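The values are calculated or read from the model by the stated rules, or taken from the named source; none is laboratory data. In this text the structure is predicted, and so the values were computed from the model without any measurement. Ideal geometry is used to build each Cβ from the backbone, glycine not excepted, and the neighbour counts take in all protein chains shown.
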Amino acid sequence: MANQSKRRIPAIATNPNSRKDRPVVRKLGSVSTSSTKSPLNLWRLLVGRPLRTSESAKERINPIEGLSALSLDALTSVAYGPEALLTVLAVGGATALNAMVPITIVIVILLAILVTSYRQVIEAYPTGGGAYAVSKANLGRNVSLLAAASLVVDYTLTVAVSIAAGVSALTSAFPALAPQAVPLCLVVLAVLTLMNLRGLGETARVFLLPTALFIFGIYLVIVLGLFHPLALSARNSTFHIPSKASQTLGILLILKAFSAGCSALTGVEAIANGVPLYKEPRVTRAKKTEMLLGLILGSMLIGLASLASRFHIFPNAHQTVLSQIMVIALGHNFAFISLSIVVTLVLALAANTSFGGLPILASLLAQDNFLPHRFALRGDRQVFSAGIWTLAFFSALLLIGVNGNTNNLIPMFAIGVFTGFTLAQTGLVIHWKQTKPNRWKFRAAINAFGATVTGISTLIFLYTKFLNGAWIVVIAVPLVILLFLRINNYYQRVDATLQADVIPSKPKSQKTTVIIPISQISKLTQYAIGEALSLGQEAIAVYVRITSPTSDDSKNSKLSSKDDIAQEWMEWNPGVQLEILESDYSSIVTPLVNYIDEIRNSIDHQIVILIPVVIPDKGRYRILHNQIDLLLSAALSGRSDLIIARAKYPLGQETN
């Protein structure tokens, strides 16, 4: 079994003492990436210089930095999770609002189960991927693709929701900016993209201060609201509570409220997805961040729910629940304004959670041949730049599509992540049954309970939000899965054709004919023919002559022109055959392509089309040339029976 993964090596006679049989390994020095004339200077200023692989440790994060890099989505959910819960309970009137604290306690218990579960995921699957990795190992390929597709959709929605929520808070404070909501969203997205292209570690350190201020500010609100005697003396904190309830407080309303409040748990999975981003020992550090997240988020949720109940907070279309709690606890003063600004900032920065998680997930999918392999390659800054760019692109489209309005995004939010929750915990149940570690039955029971609760919440989300926009997720997830499968099928066909599991026989050389399109006899022609002779055994120069309208003068001119280039060629005598193609049409490319087809049909060996190109000393002068090389390359780009190359002649360089 162990030998099945090894390549089958055909019998090839080799000389063990031959230098060509032994690969030569060379250590490269530093790579020069800039010059005084390089257009990349501005880009390097924005994203930083390329990093060596040995320097990638600088971009790794510790547990505290993990809170700002991977946990902001979960931490900032206190700004909308309790409000979503309260909005549902408000349907039942004043009596139903009393259920907020008990339901929040149940949500926090579920949070504890999820934190425990994902700490187990971190330990069992330290390569990252979260629900995808767990599902692939325990539930099969198709279920793992469901988990991956759900996370991809959720990550994209997280970016859009977070940025739109932050900008919405900003435009609420400064109504004059409301017409510029979409441009502001795109500016925030661009800044986040550039920062993550620089590296997650640097981004995490920049975000650490606003994250700390946000956590400190929320705790200050909770402490003052619960214990400060002045908090309840606010004279302007009276809120209208309807006397009639449109629904009774039944089991369905409680389940709806519970599932709505569970939106505060989004982002708990991001740490398990991004384990490779941590410093060594990665598992230990990631588990510490997960524990810190659980403790901070759980205490915030219970504290804010207690204040909402104590202050008799009721959902208000003009002021968020969190803002109402803050103004009662702090008063409408400098502290309230400052914390409101911090909340606005951190809400927008919460999108960074997706930039930490999705590129890792995309790299794993690419390694498994479900996404283009480009997603598995790191960029100059040792980050998965393809995943970052792709996330930014689709998030921008989403923000533009919904006009930067969070109300159009919220109904789709949380369905994907709760699907991931359910699959990850279900997979862990199977994992414990197969591995049977100490107390595996207890662990499996916890995960089974968590999977049941999150599964029910997912179904309730779909039922209650389907017509409000959740149907988009129901359509998007299968489409993403279909994309994964189509990409995987292509890679399977490529592997079968290229026989990647078999070492091929030795390559054989073959005769090569090189065709050089020319426009005149010049040093460029001399250079191209010299390159052609070095590439193949036979070289043919081709000149296209556009004939003039038939008249005596034009005929004489035509013959004279033809005789001139033929005569010059014979006088020069470069040792290469010249073919003169006469055409009644203005196109030069079409006669060349037709000639190449004739040559292709008459010979069965390799053909190289070597196109001479002048390279100006300044890039802006390139437009002054005729671009025939681009037109001919485009006409031949789909041909697999030809090799297309360019002979580039730099101006100002003497070539003998």
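Before moving on, here are some points about what is shown:
- Helices (runs of 4 or more DSSP H) lying entirely in the stretch 24-108 (those with 2 or more residues that are at pLDDT 70 or above and under 31 Å from the mean Cα position of the chain (by Cα)): 41-47, 63-70, 72-75, 81-89
- Residues that are outside any loop (DSSP other than H, G, I, E, B) and within 14 Å of SER519 (Cβ to Cβ), drawn from the stretch 618-644: ILE628, ASP629, LEU631, LEU632
- Members of the stretch 372-391 that are outside any helix (DSSP H, G or I) and over 19 Å from GLU269 (Cβ atoms): PRO372, LEU377, ARG378, GLY379, ASP380, ARG381, GLN382, VAL383
- Residues that are under 22 Å from ASP641 (Cβ atoms) and at pLDDT 85 or above within the stretch 497-529 comprise LYS511, THR512, THR513, VAL514, ILE515, ILE516, PRO517, ALA528, listed in sequence order.
- If the condition is being loosely packed, with under 11 Cβ neighbours inside 10 Å and within 30 Å of GLN627 (Cα to Cα), then the stretch 475-522 contributes only GLN520.
- For the stretch 355-366, the criterion of being assigned to a helix (DSSP H, G or I), buried (at least 21 other Cβ atoms within 10 Å of the Cβ) and at pLDDT below 85 is met by at least one residue.
- Among the residues of the stretch 591-617, just one is more than 19 Å from THR513 (Cβ to Cβ) and either exposed (fewer than 10 other Cβ atoms within 10 Å of the Cβ) or free of Cβ contacts under 8 Å to residues at least 12 places away in the same chain (or both), namely ASP617.
- Meets criteria (touching a Gly at 6+ places or on another chain (Cβ under 8 Å) and among the aliphatic types (A, V, I, L, M)) for ILE296: no
- Any hit, the stretch 497-506, residues being within 39 Å of the chain's Cα centre (by Cα) and part of a helix (DSSP H, G or I): yes
- Residue check, GLY420 of a type outside the set (Ser, Thr, Tyr), at pLDDT below 90, part of a helix (DSSP H, G or I) and touching a helix residue (DSSP H, G or I) at 6+ places or on another chain (Cβ under 8 Å): yes
- Residues being within 24 Å of ASN405 (Cβ to Cβ) and of a type outside the set (Phe, Trp, Tyr) - total across the stretch 461-506: 15
- First in the stretch 271-297 and closer than 18 Å to GLU59 by Cβ, second anywhere and among the acidic types (Asp, Glu) and modelled with pLDDT of 90 or more, Cβ under 6 Å, 6 or more apart: ILE271/GLU290
- Taken together, THR284, THR289 contain a single residue that is over 30 Å from ALA500 (Cβ atoms), among the polar types (S, T, N, Q) and surrounded by 19 or more Cβ atoms within 10 Å (Cβ to Cβ), which is THR289.
- Taken over the stretch 401-417, the residue count meeting the criterion of being in a helix (DSSP H, G or I) and either of a type in the set (Gly, Ala, Ser) or at pLDDT 90 or above (or both) is 2.
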